[in-house]
Every structure is written in structure tokens, then in C-alpha cells.
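The values are calculated or read from the model by the stated rules, or taken from the named source; none is laboratory data. Everything numeric here is computed off the predicted structure, so don't read it as measured data. Quick reminder, even Gly has a Cβ in these numbers, built from the backbone with ideal geometry, and neighbours come from all protein chains shown. Quick note on the areas: whole protein, heavy atoms, side chains included, nothing else; ligands and nucleic acids left out. Shrake-Rupley method; radii C 1.70, N 1.55, O 1.52, S 1.80 Å.
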Amino acid sequence: MFNLIINIFMFICMYPTLLILYFSQKSAGEARGSALFGIRYSPDWLSKEELTQIQQTYRRRMKRYTIALALSPFVFLPIPYISISITLWMAWLLIAIVLMLLPYAQGFNRMKALKRLRAVPAEQSNNTLYEIKDAGNIRTLYPADWFPLVAINLILPAFTLFHFRGERLWSYSIVILTFSLSTLLLVGCALWMDRMKTQVISRDSDINVNFARANKKLWKGFWLVNCWAMTAYTALMLIYLLSPNPSDRMSFYLILGGSIGLCIFMFLLIARLAAKITRLNHLYDEKADFVPEQDEKGWIGGIFYYNPQDHHTMVANRAGIGTTCNMATPFGKGIAIFTALCLLVIPLSSIWLMLEEFTPPKLTLQDDALMASHINAEYTVPLEDIEFLALLTELPKSTKVVGTNMPALEKGTFRNSTDGRVQECLNPMLEYFLRVETADTIYYLSSYDDDATLEIYESLCQ
């Protein structure tokens, strides 16, 4: 059941990324004025039939990749191992980003190859063009819009961590903290997008400014509705946890049902935003009569920019709104190295999770101490300090405070219904467990199998 909750949370956090990537990239395959994939073309070297064929290929690839990515996560749901599920979700996210950008890169390279094949010189200008009129002044998000969200999502987890401190339900505060941090992340994305430079789509400054303002208002509505929905859900969860004696089962169903409902709401919100952006782009298609000239040789797939001759740190994207960094500059190289390190953390974290889940706990009896270990030594209990020893066939109901809580491993500090705060290092799927009591601490322990646990118990009783 716990693994199902983890899968649902991963589904909520990551699945909308696919829809955002699809709808944001879908319009990139449409001709804007006299440009496709950010490359200017003319009927002299590109016929209408070839243009249509390239666009159809792009749309076909986008649909194919999207369907495959949309169906694959449902295979993860029944997997009983948390480490494998999280690893698959991380891999899915990286693959989704690559596959959603791949058709654009293929279309860009196809256009670039045709242009070169037909002896059309690429633009050699290293100038990065920005809209001067009202540059940097087009804002649709103001402090009154985002400050209440930030304040509420800082207060909720702070109150939860303080109120449930030392209580059995303290672990539920992690749920509140997770949703609040997710909401704050969305607020940060909204502010970042709202401060993007005005996109140049026309020689008429008024058209550029009006298009940027309309586009940012659409995104503002999307981010605010999304953030307030997540905040309301987080507040309702906290209200339930504050009720007298909330049950774990009801908490599970509340998290499950609320998360599924929130996920469906987000899907509908994304679809609505995509439809509005598509209508906006069609409205400005005839007015989009300008594509900035940039050195096409400096672009890798139309996505990454590497041009040692261009000393600009940031340049306008070939298509769409926003900027990207020139990876030939010191700042760009620093960003590339930082990104590579972040990507390296993913497989290392997956390996660590698998070691956690698939390495069984172990009990060893030394001359003067009982040692519980899992990967490393976790607890060493001197034999002379043991005041009471019991063999259990059933574990009391417990909640994790700090540590690891997996179907086959409970390790760290827990709070149970019998002894309160205890230390655990055991496999809850086994039949036999040791309860070891000292003057200061109570331990719940097991070895890698029942026979080994029984053997340690018999040795301690002698």
C-alpha cells in the first residue's frame, strides 16, 4: 500500500510534465511567417509539398512518442519495490524530455541540411535581437498575486512540523511539506516565465508587446489556478489531520482520492491552456513576419547553442519564447557541468535506494554486544545493558519518525502504539522479531530470516 502511495505521488508530480512538453512543443512544428523550426525558408529552395511533408513527419513523431510515454507509467503502478518504481519514474522523466525535444531537433537538422544542400548560405550574424519597446516591463504577475500563496505554503508546513513534533502523526507532516514545496516550485516557475524577455515575432513592436502580454496572461491564469488548487488540497489534508484521532486508513484514502482528483484537474487545466495558446498562435500567425537572424552553425539541433565567436552569455531561442545560454561561454560551461552533475545524482540515488531495499538487515552476536546492521552498523547494544528481551510474532502499529520505511525494511526512529519512541532495524515481512530493552532505549530488531533471528534469541537466553 505504501508503495502505491509513492507511485501515485510520482504520477502526480511527473505525469503532467509530459502534457506540458507535448503542448509546448506541438506548436513548434508550425510555420511562423517564413520560418520553420526557427530556420528561414523561401519557395526558391523549399517547395510547399516538402514543407508539408516535414511538418507531417514532425506531428507523427510527436504523437507516437507521446502515446508511448503516456501508456508506459501504468506499468510501474503494480511494481512492489519502491526503489525500482522511483528509478523507473526518474528514467521515464529523462526519456520524456529527450523524446519530446527529439522531433524538433530532427526537423531543425532536416531544414538545415536542405538549406545547405541547395546552396543557400546560412545567416552569419551573431546579433541577438530583443524587443526594445517596453522591454522588461511586461509583467502580469504582481506581489498581490503570488505573495498570499507563498505565505500560506510557508505557514502550513511550519505549523505542521511544530504541531506534530514528537507525535505519532509527525510523519504526515512530510506529506504537507511535500505539497507545499511543490506549490512553491510552481510559483517560482510562474515568476520565471513572467520575467522572460519579449519574443520578437514581427518588425512591429506593438505586435511583439501585445503577443507577449497575451501569452503571459494565459500562463498567469494557469499557474495561479494550479497553485491555489494544490494549496486548498494541502489545507484540507491538514484540517483532517488536526481532527481527533484521524485513522491511518482514512488518511490513505484521503491522500489517494485527493491526489487522483488533483491529477485529473491538472490534466484538464493543461488541455485548456493548450487550446488557448493554440488559438493565440493562430491569431498572430499572419502577423509573425520576422525571424531573428542567428548563426545556424552555432545551434545543435536548434536546442543547444555553442558559438565561441559569440560573446553573449544568453541568446534568444530559435523558436518559442525565452532564452538559452551560450555553452561556449564560461557561464554556459558552468551550467553544463552543473546539469551533468545533477543528472549523475539520479543513477547514484537509484543505486543507493536499491541497496537500501534489497540489502537485508542482519543480527550478529559478539562477545560483549548485540549488533544490528544494514549496509553499515546501525546499532550496537552491550549485553550488560540489556534489561529485558522478548521474542515477538507480531509488531505493534508504528509510524516512522526518521529513517527508512519500505515494505521489506524498517530502519531508524519510529513511534509505535506500545512503547512510543523506539529504534528499529528489521524486515517487517518476517515472522519473528526481537524486542530489546535497555535503560535508555527500546529496540525492535530482526535478522535476514526467521531462523537467524531465532538463533540469536536462543543464544541471548542462555
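Identify all residues within region 361-403 that are crowded, with 19+ Cβ neighbours inside 10 Å and among the polar types (S, T, N, Q); write none if there are none.
Result: S398, single match.
For region 219-238, which positions are under 15 Å from K276 (Cβ atoms) and buried (at least 17 other Cβ atoms within 10 Å of the Cβ)?
Hits for region 219-238 are W219, K220, F222, W223, L224, N226.
Kindly indicate whether any position in region 82-101 is touching a strand residue (DSSP E or B) at 6+ places or on another chain (Cβ under 7 Å), open to solvent by less than 40 Å² (accessible area, probe 1.4 Å) and within 30 Å of I174 (Cα to Cα).
Checking region 82-101: at least one residue is touching a strand residue (DSSP E or B) at 6+ places or on another chain (Cβ under 7 Å), open to solvent by less than 40 Å² (accessible area, probe 1.4 Å) and within 30 Å of I174 (Cα to Cα).
What residue, of L242, L224, is at pLDDT 70 or above and closer than 20 Å to C189 by Cβ?
The match here is L224.
Look through region 26-56, keep the residues that are modelled with pLDDT under 85, under 17 Å from L117 (Cα atoms) and not hydrophobic (A, V, I, L, M, F, W, C), and return whichever of them is nearest to the chain's Cα centre (by Cα).
Here the answer is R40.
Confirm whether R59 is closer than 26 Å to A274 by Cβ, surrounded by fewer than 16 Cβ atoms within 10 Å (Cβ to Cβ) and touching a residue at least 12 places away in the same chain (Cβ under 8 Å).
Working: closer than 26 Å to A274 by Cβ: yes; surrounded by fewer than 16 Cβ atoms within 10 Å (Cβ to Cβ): yes; touching a residue at least 12 places away in the same chain (Cβ under 8 Å): yes.
Criteria met by R59.
Please find, within region 118-168, the residue that is farthest from Y306 (Cα to Cα) out of those that are modelled with pLDDT of 85 or more, of a type outside the set (F, W, Y) and open to solvent by 90 Å² or more (accessible area, probe 1.4 Å).
It comes out as I155.
Of T438, T453, which residue is closer than 17 Å to P382 by Cβ and either among the charged types (D, E, K, R) or at pLDDT 90 or above (or both)?
T438
I need the full set of residues from region 404-452 which are part of a strand (DSSP E or B), open to solvent by 10 Å² or more (accessible area, probe 1.4 Å), acidic (D, E) and within 30 Å of I79 (Cα to Cα), in order please.
Listed by number, the list holds a single entry, E410.
Can you run down the residue pairs with Cβ atoms below 8 Å, 6 or more apart or on separate chains, where the first is in region 249-264 and modelled with pLDDT of 75 or more and the partner is open to solvent by 80 Å² or more (accessible area, probe 1.4 Å)?
Cβ pairs passing all conditions: G258/L236.
Hey, can you tell me all the residues within region 22-56 that are closer than 27 Å to W89 by Cβ and open to solvent by less than 50 Å² (accessible area, probe 1.4 Å)? Let's see the steps before the verdict.
We begin by selecting, within region 22-56, every residue closer than 27 Å to W89 by Cβ; these are 22-26, 28.
Within region 22-56, Y22, Q25, A28 meet the criteria.
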